[in-house]
1. Compute the signed sum of charges (Lys and Arg +1, Asp and Glu -1) over the other residues within less than 11 Å, Cβ to Cβ, of Leu192.
2. Relative to 2.2 N^0.38 Å, what does the C-alpha radius of gyration of region 54-93 come to as a ratio? Two decimals please.
3. Based solely on C-alpha atoms, express the radius of gyration and the Dmax of region 56-125 in angstrom.
4. May I ask for the Kirkwood hydrodynamic radius of region 25-151, worked out over all distinct Cα pairs and given in angstroms to one decimal?
5. With only Lys, Arg, Asp and Glu charged, each at its Cβ (+1 for the first two, -1 for the last two), find how big the charge dipole of the chain is about the Cα centre; round to the nearest 20 debye.
6. Quick check: residue separation of Ala68 and Ala194 times 0.36 nm, minus the Cα distance between them. What number comes out in nm?
7. Within the accessible area of the chain, what % is carbon and sulfur when the probe is 1.4 Å and the other protein chains stay in place?
8. With no solvent and one equal point scatterer placed on each C-alpha of region 244-368, evaluate the Debye formula and give log10 I(q)/I(0) for q = 0.12, 0.19 Å⁻¹, two decimals.
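The values are calculated or read from the model by the stated rules, or taken from the named source; none is laboratory data. Please read all numbers here as calculations on a predicted model, not as lab measurements. Every residue, glycine as well, gets a Cβ built from its backbone with ideal geometry; the counts of neighbours run over all protein chains shown. Note: accessible area is taken over every heavy atom of the protein model, side chains too, but ligands, DNA and RNA are not part of it. Shrake-Rupley method; radii C 1.70, N 1.55, O 1.52, S 1.80 Å.
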Amino acid sequence: MHKPTLMLALAGGLALSANTANAEDKFSTQAMQYREDDQRMDIDYITFGLEKDFGTDYSLKLDYGYDAISGATPVWKPHPNLVGEFVESRQTLPKEVRRAGSGALTVRDAARNEYTVGAAYSDEPDFKSAEISGAVMLWHDELHNRSYNAGIGVQNNTAIATPFTNNARDADSRVYNVQVGITEILNATNTLEATLFGARETGYLSNHYLKTVRLQDDGSKLMANDSRPDKRNSLGFTLRWIRAWLPVFTSNLWYRFYRDSWAIAAHTVESKLYWDATPWLRVNPVYRWQWQDKADFYRAYNGQPNMFATTGYGSNDARLGRFTVQTAQLNLEFRPVKQHSFNIGFSHYWQSNGFAADWLTAGYIWKF
């Protein structure tokens with residue numbers, strides 16, 4: 001079952017640290033309950049992570065995740081009373097379980113440059129994915145105020161055929177990702193980051209659950225499979241500014257621009273604040289705003305028109321439409337002692353097209 005797009009941000013956006021580097025041995029676990037409005041998808045999610053340094057030159061990071069998803073997804077179905085007509089409805093799918101694991105090994109040389117290799121795998125009844133990646137981080141000089149980074153990844157995906165999917169046979173796709181960036185420590189309180197990224201997707205890129213309605217030359221209507229191009233190229237860049245205003249107050253501002261060959265363009269702005277209210281309590285509010293333009297073959301279920309010609313690409317998937325998104329989060333981290341911390345959080349997500357979701361998180365980190 002295709003997970004909501006925002007799930008990609010949830011798995012990696014739960015930590016409360018204002019800085020990305022953290023060379024400490026630690027074990028962590030994070031649980032989440034995600035609920036969409038209008039009785040759509042429900043997801044229960046839990047992850048376990050282990051980070052271990054072997055001396056000063058080697059670091060290993062392992063993650064394992066488990067989630068259970070249930071609910072219904074919007075689809076076209078025949079009108080109950082009118083022959084040859086179709087209406088938007090819901091397709092209830094059986095509960096699915098996904099298991100995912102990843103690992104990364106980092107090696108440091110005498111100049112403290114870092115070289116990382118990683119792998120990831122996830123499996124669920126209707127979809128599986130395997131990825132390998134490599135990254136390098138090079139310091140500009142011995143002062144370590146500027147670093148350059150580059151990374152590449154290759155991901156193989158398989159949309160597994162089931163009695164509920166459009167594809168009668170398993171269908172494969174592949175994704176190539178590349179990025180380069182620079183990080184500059186301006187002074188004791190300011191850090192800037194800039195990254196360029198690009199991706200190329202090939203193969204079966206359609207949603208194997210969704211349907212469209214096509215208008216035939218004779219005026220009749222026919223329900224058909226969601227159909228998208230078998231290639232997708234994308235590129236963009238990100239900018240980040242981290243500022244320590246006070247010893248107990250830090251801001252993290254982030255901007256992302258995205259554009260792809262399906263005519264989708266997106267701008268995202270995110271603001272994170274970190275306030276050490278007490279020696280044992282950190283408060284982390286987050287606000288994110290995104291605007292997205294639609295794919296050139298997208299039409300909404302309630303759009304005018306909402307049907308497609310006999311041939312050509314077509315999709316009613318709202319994730320390919322034009323909308324704005326807002327996400328508000330409040331995270332709290334409790335650190336009763338140095339080695340142990342607990343976190344809880346609440347997030348609300350809403351789109352201009354009427355879609356909304358909420359999720360609760362809770363986690364624990366043990367530094368050893």
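1. Around Leu192, the charge tally is +1.
2. Compared with the compact-globule rule of thumb, region 54-93 sits at 2.64.
3. Considering region 56-125 through its Cα atoms, Rg and Dmax are 23.1, 75 Å.
4. Kirkwood radius, region 25-151: 18.4 Å.
5. The dipole of the chain has a size of about 320 debye.
6. Numbers: separation 126, 0.36 × 126 = 45.36 nm, distance 3.58 nm.
Contour length minus Cα-Cα distance gives 41.8 nm.
7. Heavy-atom surface of the chain belonging to carbon and sulfur, 1.4 Å probe: 60 percent.
8. Debye output, listed in q order: -0.63, -1.06.
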